[in-house]
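Worksheet: the structure to be examined is printed underneath.
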Amino acid sequence: MVRSCGQGIPAWVAVGTLLFLIHSVTVRGAALKQEVPLDSGATVLNHSMSMVQRMESLLALGNSSDVTLRVQTINTDEVKVIQAHSLVLTLQSVVFEELLLSHNNSYLLLRETPDCAAVFDKFIRYLYCGDISVRLDQAVSLHKLASKYRVWGLQQGLTQFMTQHLSSDSPTGHVIGWYNYALQMGDMVLRDSCLQYLSWNLSSVFQSAEWSSISEDLLFSLLQRSDLILQSELELYEALEAWISQNQPVSSTVESALKAVRYGMIPPHHLFRLQKQSPLMQKHYESIRDLLYLAFQFHSASPIQLAKFFDVNCSIFTPRNYLSTSWGSPWVINNPTRDDRSFSFQTQLGPSGHDSSKRVTWNALFSPRWLPLSARSTYTELGAMQPTRTDGGRPRIIVTPATSSPDFAGVSFQKTVIVMARQQGKIVVRHVYNFHQSTEEAGDFLMDADLQRRASEYLIDSSLYLHIVIKPLYHTLLVARK
């Protein structure tokens, strides 16, 4: 029996009319505002929160429900029953609309995996109220439901939630699981965000419980990248050794992974130690013997001499973004908006053992409010200076060698500026800027950053945390080959 509401009006009619009006205001609100503009001096009375509360009560109490959702957990007898309203379901989901049209009855049987069934009531509540509380371990399940039932707003919101919580702590880790899920679902935004986070924070990933669960495909995707941020290539080899020990892949996978290590970036005394003390290297020595031999040649001869006989443009001679002191230096700028700052540091001339004793001094300049020449103060014909524009400008960083040297012949330098930030209580890489020897600065450096705000996402305790990496490259030596 259907209860009545008001003067003999059936309750389902009243509810349907109410929801139709809500939908009309929500979907066509912009058009209504254009057709009926507010009078000057008019005040808007906004009771939307009260309306949301009533919608939540409507779902919770099941008043005037015209459809029953029976949510069965796959491979079990467990069934969750939800009293719902067809108008709400069809307004929010094309899939529900099609199901209700094709099933001419008052209930729908929905079969869901255990993880999706566990959060199905939260999913339905979102359709009524437009908000949802999400835990890290619920994100994938809710994303699956949003994708299955084509609730695109929720799907996009969950993708954004996951990209913003990659650094959050969880008992077993979640970034690699999210990456695998994004790959399966074809969510390129989430996939690329996860891959970038792993690449930029690889040292912390090595120390996490997630590292052992990384798939072979993802492992090789990381090994091929030159933008990895980690302490050293030796750290990468040791982490790879641990992954192989725990996962025991087939020999072909092990050998392919070992061949992706850039042995030319590992100092010779560490290579000697690995040859004697690494069971992994001893077992698969024959598969990487030529690479090790080439690495030792690289360390024993000058790059110019080596380039006469070998292609030094291959990956074994290409550095990644190493954080050890030989490759660069951290730089903490307190109160970065106050004034210009300068900083000097030294790096090795190149990764070759032949150049290990040669050092290069670098000067770095940071300016919080640099203005282009066109915006700076100018003088009039009478000698009066035009006022300087003080509300413009943007942060700028310049990195140059302190001196020139004949040793620079055949070597070019890529400069990388890493910006750190605190996210969910953890220090992570926020942004990476690259520029080459032909340019002294990164043109888009902190272009979108608001350093004036103490709570800026680019600042840690009101300070700007940078790390400058200098990567010597030998690709110009190709012209020296005969």
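The values are calculated or read from the model by the stated rules, or taken from the named source; none is laboratory data. It should be emphasised that the depicted structure is a prediction, and the values quoted were computed from it without experimental measurement. Every residue, glycine as well, gets a Cβ built from its backbone with ideal geometry; the counts of neighbours run over all protein chains shown. These area figures cover heavy atoms from the full protein model, side chains too; ligands, DNA and RNA do not enter into them. Shrake-Rupley method; radii C 1.70, N 1.55, O 1.52, S 1.80 Å.
Can you return the aspartates and glutamates within cross-link range of LYS148? Criterion is Cα-Cα under 20 Å, with same-chain partners fewer than 8 residues away left out.
Of all the aspartates and glutamates, those that pass the test against LYS148 - Cα under 20 Å, at least 8 places apart if same chain - are GLU97, GLU98, GLU112, ASP115, ASP121, ASP131, ASP137, ASP187.
Just to make sure I understand: if all protein chains stay in place, what is the order of TRP152, TRP362 by accessible area at 1.4 Å, largest first?
Sorted by accessible area, descending: TRP152, TRP362.
At 0.36 nm per residue, minus the direct Cα-Cα distance, what do SER170 and THR76 gain on full extension? Give it in nm, one decimal, please.
31.0 nm
Which whole number in µm²/s is D for region 40-150 by Stokes-Einstein, with the Kirkwood Rh taken over Cα pairs at 25 °C and 0.890 mPa s?
162 µm²/s
Give me the 1.4 Å probe accessible area per residue for region 181-220, excluding ligands and nucleic acids, in Å².
That works out to 44 Å² for each residue.
Could you work out the Rg to Rh ratio of region 265-307, with Rh taken as the Kirkwood radius (inverse of the mean 1/r over all Cα pairs)?
A ratio of 1.02.
Using a 1.4 angstrom probe on the protein heavy atoms only, line up GLU238, GLU286, GLU233 by accessible area, largest first.
So, going from the largest accessible area down, we get GLU286, GLU238, GLU233.
How large are Rg and Dmax for region 185-258 when only the alpha carbon atoms are used, in Å?
Cα radius of gyration and Dmax of region 185-258 are 12.3, 35 Å respectively.
Which entries in the list LYS358/LYS415; LYS426/LYS471; LYS80/LYS144 go over 20 Å, if you measure between the two C-alpha atoms of each? Before the final figure, lay out the partial values.
Details: LYS358/LYS415 18 Å; LYS426/LYS471 27 Å; LYS80/LYS144 18 Å.
Those over the limit are LYS426/LYS471.
Can you work out the base-10 log of I(q)/I(0) for region 82-211 at q = 0.22 1/Å, using the Debye formula on its C-alpha atoms alone?
Those come out to -1.31, one per q.
Using only alpha carbons, build the gyration tensor for region 240-288 and give me the equivalent ellipsoid semi-axes, biggest first, whole Å.
Values: eigenvalues 68, 27, 20 Å².
Equivalent-ellipsoid dimensions as semi-axes: 18, 12, 10 Å.
How much length would be gained if the chain were fully extended between LEU101 and ALA402, taking 0.36 nm per residue of separation minus their Cα-Cα distance, in nm to one decimal? Present the calculation step by step, with values, prior to reporting the outcome.
Numbers: separation 301, 0.36 × 301 = 108.36 nm, distance 7.45 nm.
This chain segment gains 100.9 nm when fully extended.
If you take the charge dipole of region 237-297 about its Cα centre, with +1 on Lys and Arg Cβ and -1 on Asp and Glu Cβ, which of GLN282, SER251, LEU240 is farthest toward its positive end?
Going by the Cα projections, it comes out as GLN282.
Cα to Cα, under 14 Å, and not fewer than 8 places away if on the same chain: which aspartates and glutamates meet these conditions relative to LYS308?
none
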